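Read-outs throughout are calculated quantities, based only on the coordinates presented, and are distinct from any laboratory measurement. Only a predicted model underlies this, so the values are computations on that prediction, with no experimental measurement involved.
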């Protein structure tokens, strides 16, 4: 699973850097790739104590480069480059840590299915009842009614998940489902905004008919940390 996550993270990173270049951000791809690979090596070897120091060093390198080379390097360039180690690389690795928690496999399924249920609920309710635009400049087809439909579908799924697994308690699962659903929709809008900025329809073409890795995992990348933090803080126990 760790190896699969590394592959997904590297493919997602390539798409993220490509979007940045198309959007006009001057990001040093080779240096960024090197730090992300070091992060993933530490992750693969389970040297988690190195993750925070690597992130701090990358912060210094990213914004130090901005300070030294201003105005050739803009703040937006530095910020986009700094974000590269977290989105999508760091967020993908959280899926592995979610899997290692008690009943981790079930919670991974919970995260995946909740995102799919949210998307489906938003699509069907939005198609039937959608009239008020949610974010017209980012995603013209998304509506407020559809977003609410996605939230309702996610909450229903949370109760079904509890009924089947008896993990946690129903009230906490309702809260988790609601928050994770909101965040997953934000993740979708975030990636859509990146594509709008870059002037492209899809982040990549690795999945025929579906676009790139970020197109498929944008919502999940935002939802996974929420599920993980809830469980880590025993907020659903």
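Quick look at the numbers
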quantity: On Cα atoms only, tilt of 51-69 relative to the major axis of the chain in degrees; calculated: 50
quantity: Largest to smallest principal axis extent of the C-alpha atoms in the chain, angstrom; calculated: 55, 43, 32
quantity: Inter-centroid distance (Cα atoms) of the stretch 183-237 relative to the stretch 57-119, Å; calculated: 11
quantity: The chain, helix-only ellipticity at 222 nm - DSSP H runs n ≥ 4, -39,500 (n - 2.57), divided by all residues, nearest 500; calculated: -25000 deg cm²/dmol
quantity: Hydrodynamic radius of the stretch 148-232 per Kirkwood, over alpha carbon pairs, in Å; calculated: 14.0
quantity: Helix axis angle, 29-44 relative to the chain longest principal axis, alpha carbon, degrees; calculated: 50
quantity: Cα-based helix-to-principal-axis angle, 2-22 vs the chain, degrees rounded to 10; calculated: 60
quantity: The stretch 1-71: proportion of alpha-carbon pairs further apart than 20 angstrom, %; calculated: 37
